[in-house]
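Reviewing the structure listed below.
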Amino acid sequence: MRTLKFLLQKEFRQIFRDPSIIRLIFMMPVIQLLILPWAADYEIKNIKLSVVDKDHSDYSRQLIAQVTSTGYFQLAVYTNSYPEALEQVESGNADLILEIPSSFEKELIKEDESTLFLAMNAIDGVKANLGSAYLQSIIQDFNKEVRIEWIQFPRFSPETQIEITSSNWFNPLMNYKYFMVPGILVILLTMIGTNLSSINIVREKEIGTIEQINVTPVKKFHFILGKLLPFWLIGLVVLTIGLFISWAAYGIVPVGSFITIYAFAALYLFAVLGLGLLISTYAQTQQQAMLLSFFIMMVFILLGGLYTSIDSMPDWAKWVTRFNPVSYFIEVMRMVVLKGSGLIDIKRHLLIMFGFAVVLNSWAIINYRKRS
Amino acid sequence: MSEQKAITTNKLTKKFGDFTAVDEISFEVNKGEIFGFLGANGAGKTTAMRMLCGLSLPTSGEATVAGLNVYKENEKIKRSIGYMSQKFSLYDDLTVKENMRFYGGIYGKSNAFIKQKTAYILDHLHLEKEANVLVKSLPLGWKQKLAFSVAVFHAPEIVFLDEPTGGVDPVTRREFWNMIYVAAAGGTTVFVTTHYMDEAEYCDRVSIMVDGRIDALDTPIRLKEKFNAASMDEVFLKLARKAARAAD
């Protein structure tokens with residue numbers, strides 16, 4: 001125990017003497033949490049729309065006004081030639097083309113139906129999909145208004161219509177920040193956990209001080225614990241800063257209890273620190289450690305359910321996410337922050353994370369050799 | 001027998017794949033002796049030393065350090081030895097005092113011992129003013145003297161020094177050797193590698209490694225007689241020139 005005290009004292013002194021670590025600890029959560037949630041937003045705004053109006057009627061103008069007044073669309077081009085509109089799409093000035101045929105109003109009044117043409121630039125698939133979905137729903141609203149205006153009778157519409165009303169549970173306003181911020185916080189903890197711990201030990205390898213430690217009677221277990229504990233505490237401090245920023249900047253207050261979040265984070269940090277440690281036992285230089293953890297982070301983030309839903313991944317990818325600690329923490333954070341889940345609800349996650357922590361740390365301790 | 005010996009080796013060998021870095025070396029080091037371990041670059045000195053310190057597992061052969069077996073009792077050996085590696089081994093971002101406190105602490109020394117020994121070393125090295133200065137700001141010669149003091153801080157039976165005076169000016173080298181004499185006079189066995197042949201003359205006994213084997217082992221005076229040489233420099237050149245292994 002006394003040995004551990006000396007090891008911890010040394011680590012803390014070194015950490016607090018390194019201004020870059022201090023900056024990393026305080027700047028990273030602030031910058032990531034203040035900037036990323038605004039950019040990582042699925043809501044598509046400012047879609048540039050080209051309108052080919054061949055009708056120039058009241059209804060066509062009414063429709064255009066309705067579309068542009070929503071705020072999602074910007075009228076980029078208003079023309080009556082389709083090739084001209086297409087040119088704008090090709091040059092990147094427009095994302096969507098809405099073509100209103102010349103007989104739009106006439107057909108709508110006389111024949112009770114009309115056709116609109118929608119063309120989209122599908123290079124950015126997400127934008128194209130959402131854009132056309134928005135536009136379709138606006139057109140449907142427009143359609144309904146027209147119907148009310150013209151078909152007063154019969155009271156019961158001859159065509160049966162199923163209308164769907166949805167209610168968004170746990171995030172009633174579908175605020176993406178509520179969804180993204182807890183996830184970004186998880187990524188933050190993961191990066192700090194793996195990078196700081198792996199680079200720290202590899203640095204001792206590079207300088208040669210690890211050799212000096214290896215000729216002392218210090219036990220592997222003590223040495224590694226001496227490395228883990230400071231970063232574990234730093235991780236919890238970063239989490240606290242992160243939760244504070246989520247509240248101050250986005251008004252996010254977890255519905256569930258902080259105890260649940262901290263309990264899981266404490267376990268989670270041991271797992272990711274173990275991963276960092278493991279990287280450090282394989283890497284010989286700081287560059288190797290950086291590259292390796294960068295690669296692992298990429299996989300973790302893309303297969304972690306932060307940006308894309310795990311449920312919609314192919315089976316093999318779903319299977320891979322089960323070995324990704326990040327996916328569990330993101331799920332837990334969203335469960336606790338949005339739904340108010342308690343310790344019992346995340347029992348399975350806790351058990352799995354305990355498994356991660358044990359396996360990764362044991363592997364690292366076995367792989368760390370005082371004697372080659 | 002080994003009770004009186006600080007180090008014994010019998011056909012100690014280390015292979016890295018097909019390459020035999022250390023080839024069946026056998027020697028004994030007496031307690032309290034200053035034992036010079038010489039050889040050209042790549043002769044296998046550092047590898048042999050690392051095996052004795054428990055940093056590297058021997059491929060075959062026997063060895064004891066402080067009467068303990070290097071295979072089974074390597075962690076026990078570590079309590080009895082001090083080690084100063086080729087690379088600078090103190091923490092640059094800790095102060096002089098903090099480094100001593102840290103190494104004293106992990107060897108399980110009491111606070112009183114650490115305090116007293118720290119004061120003693122600071123006084124002897126005339127480093128009182130620099131006690132709270134980060135080690136990185138000290139000149140190399142001071143760092144090396146400090147590293148040696150830290151290596152013997154816990155009063156080990158044997159201290160291993162791997163080219164401790166590399167890149168150090170002659171005056172500091174002289175001072176460094178005075179420190180070695182003081183440690184040896186206090187009963188510490190000193191096992192030292194060096195490339196400076198004037199330093200070899202200061203040793204009680206000297207071994208010269210060529211291509212992983214020990215080609216000569218005796219007192220400097222007798223080695224000079226045997227090889228009909230005026231200085232250790234000449235002895236070394238005569239032996240090292242027949243090395244087949246390219247120096248790195």
Applying the span-like rule to chain A (DSSP H, Cα extent along axis at least 27 Å, Kyte-Doolittle mean at least 1.0) gives A:19-39, A:220-250, A:258-282, A:347-367
Distance from the Cα centre of the range A:317-372 to that of the range A:286-307, in angstrom? 16 Å
C-alpha long axis of helix B:170-185 to longest principal axis of chain B, angle in °: 90 degrees
Between A:W169 and A:W316, what is the label-point separation in nm under the 7 Å Cα-to-beta-carbon projection? 3.5 nm
Ordering B:109-122, B:69-82 by per-residue average of other C-beta atoms within 10 angstrom, highest first, gives B:69-82, B:109-122
Compute the angle between helix B:111-124 and the longest alpha-carbon principal axis of chain B, please, reported from 0 to 90 degrees and rounded to the nearest 10. 70 degrees
For peptide B:104-113, what's the mean number of Cβ atoms from other chains within 10 Å of each residue's Cβ? 4
In the structure shown, of A:K205/B:K145; A:K54/A:K110; A:K205/B:K15, the pairs separated by more than 20 angstrom at the C-alpha atoms are A:K205/B:K145; A:K205/B:K15
Inter-site label distance for A:R17 and B:T219 at 7 Å from Cα along Cβ, in nm: 4.5 nm
Length gained when the stretch A:L302-A:F221 is fully extended (0.36 nm per residue, less Cα-Cα span): 25.8 nm
Going by alpha carbons, how many degrees (0 to 90, nearest 10) lie between the helix axis of B:140-151 and the longest principal axis of chain B? 90 degrees
Assigning unit charges at the beta carbon (Lys, Arg +1; Asp, Glu -1) and nothing else, what dipole magnitude in debye, to the nearest 20, does the range B:92-155 show about its Cα centre? 140 debye
Highest first, please rank the peptides A:312-319, B:129-136, B:156-163, B:33-40 by the mean number of other Cβ atoms sitting within 10 Å of their residues. B:33-40, B:156-163, B:129-136, A:312-319
Calculate the mean, over all residues of peptide A:206-214, of how many other protein chain Cβ atoms lie within 10 angstrom of the residue's Cβ. 6
Under the 7 Å Cα-to-Cβ spin-label approximation, A:R2 and A:E90 lie apart by a distance in nanometres of 8.3 nm
If R₀ is 51 angstrom, what is the calculated FRET efficiency for the pair A:M290 and A:Q62, using the beta carbon separation as r and rounding to 0.05? 0.30
What does the average come to when, for each residue of peptide A:53-59, you count the partner chain Cβ atoms lying within 10 Å of its Cβ? 0
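Laboratory data are not the source of any read-out in this text; all were calculated from the coordinates shown. Everything numeric in this text was worked out from a predicted model, so none of it was measured. Counting neighbours? That spans all protein chains shown, and the Cβs are built from the backbone with ideal geometry, glycine included.
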